[in-house]
Amino acid sequence: MEADDKHERGRMEDIMDVVAKDIQRNFYDPGLKGVDWKAITERARQRVRQADLLNDMLAAVASVPYQLNDSHTYFIPPGRWVSIDYGFEAEPFGKDILVYKMKKDSPAINAGLQLGDKIVAMGGFAAKRENFFEMARYFEILSPATELTLGIVRGNEPPRSIKIPAKVEYRNLRDYNEIRRMIDAREPIYKHRDYDGNVGYLKLRVFMLSAGDVDSMVNKVKSSGAVIIDLRGNGGGARETLTALAGSFTDQPYEMAKEVGRDKTEALRVKPQHPKITVPVFVMIDNASASASEMFARDMQIRKRATVIGDTSGGRVNMAKIFPENVGGFQFGTEIAVARVVMENGDELENHGVTPDEFCIPTAQDLHQEKDPCLDRALELARAAASHPAQQPQP
């Protein structure tokens with residue numbers, strides 16, 4: 001066992017070295033934001049040497065890119081044969097972490113978790129808006145546990161602890177993108193609905209449509225008197241989808257943003273698309289809206305083409321590439337931000353997010369009762385705008 005332990009630790013140190021060097025060569029800021037990279041890697045090396053479990057070694061490797069505080073720079077661990085599902089979804093609503101979705105007959109329901117429960121701790125660590133997505137990534141991917149302990153608060157009741165056993169599926173998970181594709185396969189990428197008052201509604205879950213598919217989606221609301229584009233929970237995706245969607249709301253080409261890398265700066269340009277939507281538009285966002293969804297919302301806001309409703313978005317916007325690697329038969333990689341995004345007006349959304357024109361955040365009681373007051377508010381504004389276009393609220 002001792003020889004095997006030495007071999008495992010040595011391989012983890014080699015993986016850490018490759019991750020650190022890939023970031024040094026490719027991160028958009030050659031100065032690495034002024035951090036002491038040598039000291040960071042040495043601390044991680046000591047953690048690897050002192051760890052007893054493989055998951056702890058992987059967590060030590062993951063701590064290296066984490067020190068850059070960049071949403072699109074993180075370690076993609078070696079392929080796993082296990083997928084963990086606790087049966088619930090939660091995200092920040094204002095300053096609170098609230099449960100907003102639960103699977104039928106899931107481990108979470110059986111354990112007593114309810115919609116609207118406030119999560120105050122996860123696996124013994126305090127859960128906050130600023131760190132929640134990183135915590136979820138850790139417990140679901142870096143260090144999957146067959147049982148998750150949550151600290152929750154329900155209404156005015158005292159805090160309690162709930163243990164949720166995981167539903168375990170065995171499959172080869174090689175990176176976060178594969179996991180994301182697996183999740184996205186469970187529901188359509190977008191949904192369409194026509195509401196009373198001549199309001200067209202599009203719910204886009206991820207920016208993963210071709211330009212032609214974007215045209216087909218937009219075509220469904222081209223005759224509406226007002227349009228709602230719901231980007232809540234949308235973590236972003238492809239540039240092609242972003243520029244095609246933005247092009248459906250302009251009759252002139254323009255530059256949405258600049259991607260500023262270490263060696264060059266590239267413009268992200270938008271060309272007019274058909275069909276073209278000229279009616280009032282309302283874009284919905286929340287804290288889980290990230291990357292391309294944030295860029296779209298802010299772009300529409302800057303150009304006064306939409307009223308943005310919801311919570312401040314996630315502030316996870318930089319452009320990234322995945323760098324796959326192989327050490328001793330272990331396939332792994334690092335997603336690295338190769339460019340920072342600067343919007344046409346000079347805004348940088350990374351770590352800041354998009355501030356909505358009208359804040360709307362569901363309460364714990366709203367979620368428990370499966371109400372959606374923010375969609376109700378968007379529909380109210382959209383119906384008024386469809387009836388009186390000239391009276392559409394301006395950002």
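For the range 195-233, the set of residues classified as open to solvent by less than 40 Å² (accessible area, probe 1.4 Å), touching a Ser or Thr at 6+ places or on another chain (Cβ under 7 Å) and within 21 Å of ARG383 (Cα to Cα) consists of VAL199, GLY200, VAL218, LEU231, listed by residue number.
Here the condition is being over 16 Å from GLY315 (Cβ atoms) and touching a residue at least 40 places away in the same chain (Cβ under 8 Å); of GLY94, GLY87, it holds for GLY87 alone.
Scanning the range 294-336 for residues that are within 24 Å of LYS264 (Cα to Cα) and hydroxyl-bearing (Ser, Thr, Tyr) turns up just one, THR334.
The residue of the range 380-393 that is surrounded by the fewest Cβ atoms within 10 Å (Cβ to Cβ), among those that are modelled with pLDDT under 95, out of contact with any helix residue (DSSP H, G or I) (no Cβ under 9 Å at 6 or more places or on another chain) and in a helix (DSSP H, G or I), is ALA390. Within the group GLN301, GLN273, which residue is outside any helix (DSSP H, G or I) and either within 30 Å of SER387 (Cβ to Cβ) or open to solvent by less than 30 Å² (accessible area, probe 1.4 Å) (or both)? Result: GLN273 is the single residue among GLN301, GLN273 that is outside any helix (DSSP H, G or I) and either within 30 Å of SER387 (Cβ to Cβ) or open to solvent by less than 30 Å² (accessible area, probe 1.4 Å) (or both).
Among the residues of the range 19-36, those that are open to solvent by less than 40 Å² (accessible area, probe 1.4 Å) and either in contact with a Ser or Thr (Cβ under 6 Å, 6 or more places away or on another chain) or assigned to a helix (DSSP H, G or I) (or both) comprise VAL19, ALA20, ASP22, ILE23, LEU32. Is at least one residue of the range 114-121 of a type in the set (Asp, Glu) and surrounded by fewer than 19 Cβ atoms within 10 Å (Cβ to Cβ)? No: zero hits.
To keep it simple, each residue is scored yes or no on (1) out of contact with any strand residue (DSSP E or B) (no Cβ under 9 Å at 6 or more places or on another chain); (2) over 18 Å from GLY333 (Cβ atoms).
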{"position": "GLU13", "(1), (2)": "yes, no"}
{"position": "LYS38", "(1), (2)": "yes, yes"}
{"position": "ARG43", "(1), (2)": "yes, yes"}
{"position": "GLN50", "(1), (2)": "yes, yes"}
{"position": "LEU54", "(1), (2)": "yes, no"}
{"position": "VAL64", "(1), (2)": "no, no"}
{"position": "ASN69", "(1), (2)": "yes, yes"}
{"position": "ILE76", "(1), (2)": "no, no"}
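Inside the range 276-296, residues that are touching a Ser or Thr at 6+ places or on another chain (Cβ under 8 Å), among the β-branched types (Val, Ile, Thr) and not in a strand (DSSP E or B) make up a count of 2. Only residues that are assigned to a loop (DSSP other than H, G, I, E, B) and surrounded by fewer than 16 Cβ atoms within 10 Å (Cβ to Cβ) were counted across the range 122-144, and they come to 5.
Could you tell me which of the residues LYS203, LYS258 is of a type in the set (D, E, K, R) and within 17 Å of the chain's Cα centre (by Cα)?
LYS203
On the basis of being touching a Lys or Arg at 6+ places or on another chain (Cβ under 7 Å), crowded, with 20+ Cβ neighbours inside 10 Å, over 26 Å from GLN67 (Cα atoms) and not small (Gly, Ala, Ser), does ILE285 make the cut?
Details: touching a Lys or Arg at 6+ places or on another chain (Cβ under 7 Å): yes; crowded, with 20+ Cβ neighbours inside 10 Å: yes; over 26 Å from GLN67 (Cα atoms): yes; not small (Gly, Ala, Ser): yes.
Answer is yes for this residue.
Checked against (1) over 20 Å from the mean Cα position of the chain (by Cα); (2) open to solvent by less than 40 Å² (accessible area, probe 1.4 Å), ASN326 meets all criteria but (2). Of note, ARG377 does not satisfy the criterion of being surrounded by 24 or more Cβ atoms within 10 Å (Cβ to Cβ), of a type in the set (Lys, Arg) and assigned to a helix (DSSP H, G or I). In the range 70-83 there is no residue matching the filter, namely being assigned to a loop (DSSP other than H, G, I, E, B), out of contact with any Ser or Thr (no Cβ under 9 Å at 6 or more places or on another chain), open to solvent by 30 Å² or more (accessible area, probe 1.4 Å) and modelled with pLDDT of 90 or more.
Would you be able to say whether some residue in the range 180-188 is closer than 30 Å to GLU140 by Cα, open to solvent by less than 40 Å² (accessible area, probe 1.4 Å) and at pLDDT 95 or above?
no
A Cβ distance below 7 Å, combined with a sequence gap of six or more or placement on separate chains, defines the contacts here; from the range 37-53, residues that are open to solvent by less than 100 Å² (accessible area, probe 1.4 Å) reach residues that are not hydrophobic (A, V, I, L, M, F, W, C) in the pairs TRP37/GLN24; ILE40/GLN67; ALA44/SER63; ARG45/GLU13; VAL48/ARG9; VAL48/GLU13.
Checking each residue in the range 89-118 for being of a type in the set (A, V, I, L, M, F, W, C) and in a strand (DSSP E or B) picks out ALA90, PHE93, ILE97, LEU98, VAL99, MET102.
The values are calculated or read from the model by the stated rules, or taken from the named source; none is laboratory data. From a predicted model like this one, the values you see are computed outputs, not experimental measurements. Ideal geometry is used to build each Cβ from the backbone, glycine not excepted, and the neighbour counts take in all protein chains shown. Please note that ligands, DNA and RNA were not included when accessible areas were found on the heavy atoms of the full protein model with its side chains. Shrake-Rupley method; radii C 1.70, N 1.55, O 1.52, S 1.80 Å.
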